[in-house]
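Enquirer: Submitted below is the structure of interest, expressed as structure tokens.
The values are calculated or read from the model by the stated rules, or taken from the named source; none is laboratory data. Just so it is clear, the model here is predicted, and its values are computed rather than measured. Please note: Cβ atoms are built from the backbone with ideal geometry, for glycine as well, and neighbour counts cover all protein chains shown.
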Amino acid sequence: MHSDILNMSLVETANAIREKKVSSLEVVHESINRAEALQPILNCFIQLTAEEALSDAKKADAELAKGQIRGSLHGVPLAHKDMFYRTGKKSTCGSKIRKNYIASCTSTALSRLIDAGSIYLGGLNMAEFATGPTGHNEHWGNTHNPWNPKFIAGGSSSGTGSAVAARIVYGGLGSDTGGSIRIPASVNGLVGLKPTNGLVSRYGIMPVSFTMDTIGPLTRTVEDNARLTSIIAGYDPLDNTTSDRLVPDYEDILKKSIKGIRIGVPQNYYYDIIHPEIKQLQNTSLEIFKELGAEIIEVKVPDMHIPTHMSNIVFVSEASTIHEKWLRECPNDYQEQVRRRYEPGIYMPAPKYIQALNLRPHLLEEFSKLIFSTVDVLHTPGLPMPVPELAETDVGAGQGMPELIAGLSWTTRSNNYLGIPSLSIPCGFSSNDMPAAFQLMGRPFSEQLLFQIGNAYQISTNWHKQSPPPYI
């Protein structure tokens, strides 16, 4: 087997397995070996299902030998945030409360990936109940960043970000309620998609905010992300919030020119707390887009403090509804910062919550008219500051810690409230040698355009080909 197989992209590996250049069993063996070697350093798994994965890989190879191909992921190992249910299997949701929970159903998104031939390698570490942007977890231990374990892996899909960046697996599912896919993507040098609300089924996951939760993939390349999204997107009769609109083949126009596409750069809000190093990396990425023929246009955005504030009202109201019984019966089983996020929702007046919900379509219309009547997409920083260390974001780390935590979701949180798609793409490194990213935001259901623009950037750059230090 080629020694660099784990450094290949998901699409390259799927092709290699299909063409019998390498077996699924060989690839899965390599993934398991790497997972076991890096777990003491990164702590990115909650459960590694090695025996099951090896058995499934043997079946995949046997099927291929008979000319039977399940789909475009045949034999490829993936791992996912440990909140995607599988019937009869444990799903901890990164919590103490559900450490022994056995699911009675299977996540639709996960089912679609397995039906396409992927191999399930295990459940990945995460912020407790998908709440927190850093990767801290008192119950299962903190997740560490493979570029430097002193730094945060992001949250709440921390294990997915760490495992994919560390070349353990080729991709994985995360959830995003305020940035929980895009923040780990940004700090780990990955591509992460927060899809349009309703594009991907949420059936079979542990919810945290039932009107803002979204499901999406973290991968190393835009092409890989497009493939996974093509598989998991689409109407699901088990989730009546999913859209019944036709899902395009997201890989179909990836290599189409972006000449003439209008990329907006916000004049206000998104750069209000930007670090100079991050701003420089943003400017450099925009120069590349300009060279590719895109038109760069400065735009003024609405006051984004309003949708961000509304998202906080919706989040605490819905999270406290979901957790009310546990908050009453076993409050000490939550880590403190998670419990403190939920408790205010118990006292949130119902009219305030209803008003926040009713404002959503009006604020989306205002945002869309002001932005997308002028440009096709909006280009913003992924994270407004260099990746912080775990110690800087610990509880009790200092007076500036709350502001630092809030800053991590400065550019991401409002998008979940508005329901628009957002794609995080790596664009270099800051002086602490940690990844940085930009974010592309588009109209509802414009994922194909985001992938097209993002792929054009990756064809012209090599940031997505950089690998973390070899720990083994």
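Enquirer: Quick test for you: out of LYS96, LYS90, pick the one residue that is surrounded by fewer than 24 Cβ atoms within 10 Å (Cβ to Cβ) and over 18 Å from ALA79 (Cα atoms).
Expert: Sole residue among the options that is surrounded by fewer than 24 Cβ atoms within 10 Å (Cβ to Cβ) and over 18 Å from ALA79 (Cα atoms): LYS96.
Enquirer: Kindly provide the set of residues from segment 42-82 that are touching a Phe, Trp or Tyr at 6+ places or on another chain (Cβ under 8 Å) and surrounded by 16 or more Cβ atoms within 10 Å (Cβ to Cβ), ordered by number.
Expert: Matches in segment 42-82: ASN43, ILE46, THR49, ALA53, ASP56, VAL76, PRO77, LEU78, ALA79, HIS80.
Enquirer: Another question about this same structure. On the given criteria, is SER317 in contact with a Gly (Cβ under 9 Å, 6 or more places away or on another chain), of a type in the set (Ser, Thr, Tyr) and touching a residue at least 40 places away in the same chain (Cβ under 8 Å)?
Expert: Judged against the criteria, SER317 is not a match.
Enquirer: Please work out if GLY67 is farther than 30 Å from LEU408 by Cβ, in a loop (DSSP other than H, G, I, E, B), within 23 Å of the chain's Cα centre (by Cα) and small (Gly, Ala, Ser).
Expert: Answer is no for this residue.
Enquirer: State whether one or more residues within segment 102-109 are free of Cβ contacts under 8 Å to residues at least 40 places away in the same chain, surrounded by fewer than 23 Cβ atoms within 10 Å (Cβ to Cβ), part of a helix (DSSP H, G or I) and of a type outside the set (A, V, I, L, M).
Expert: Among the residues of segment 102-109, not one is free of Cβ contacts under 8 Å to residues at least 40 places away in the same chain, surrounded by fewer than 23 Cβ atoms within 10 Å (Cβ to Cβ), part of a helix (DSSP H, G or I) and of a type outside the set (A, V, I, L, M), which makes the answer no.
Enquirer: Count, please, the residues in segment 285-309 that happen to be of a type outside the set (A, V, I, L, M) and surrounded by 14 or more Cβ atoms within 10 Å (Cβ to Cβ).
Expert: Number satisfying all stated conditions: 7.
Enquirer: Under 7 Å between Cβ atoms, at least 6 apart or on separate chains: pull out the pairs that start in segment 245-271 with a residue that is over 21 Å from ALA456 (Cα atoms) and end on any residue that is loosely packed, with under 13 Cβ neighbours inside 10 Å.
Expert: Once the first residue is over 21 Å from ALA456 (Cα atoms) and sits in segment 245-271, its partners that are loosely packed, with under 13 Cβ neighbours inside 10 Å give GLN267/GLU298; GLN267/LYS300; ASN268/LYS300.
Enquirer: Do we have ASP244 as more than 21 Å from PHE445 (Cβ to Cβ), in a loop (DSSP other than H, G, I, E, B) and modelled with pLDDT of 95 or more here?
Expert: For ASP244, the condition - more than 21 Å from PHE445 (Cβ to Cβ), in a loop (DSSP other than H, G, I, E, B) and modelled with pLDDT of 95 or more - is not met.
Enquirer: Related question: Just checking, how many residues over segment 10-41 are surrounded by fewer than 19 Cβ atoms within 10 Å (Cβ to Cβ), among the small types (Gly, Ala, Ser) and in a loop (DSSP other than H, G, I, E, B)?
Expert: 0
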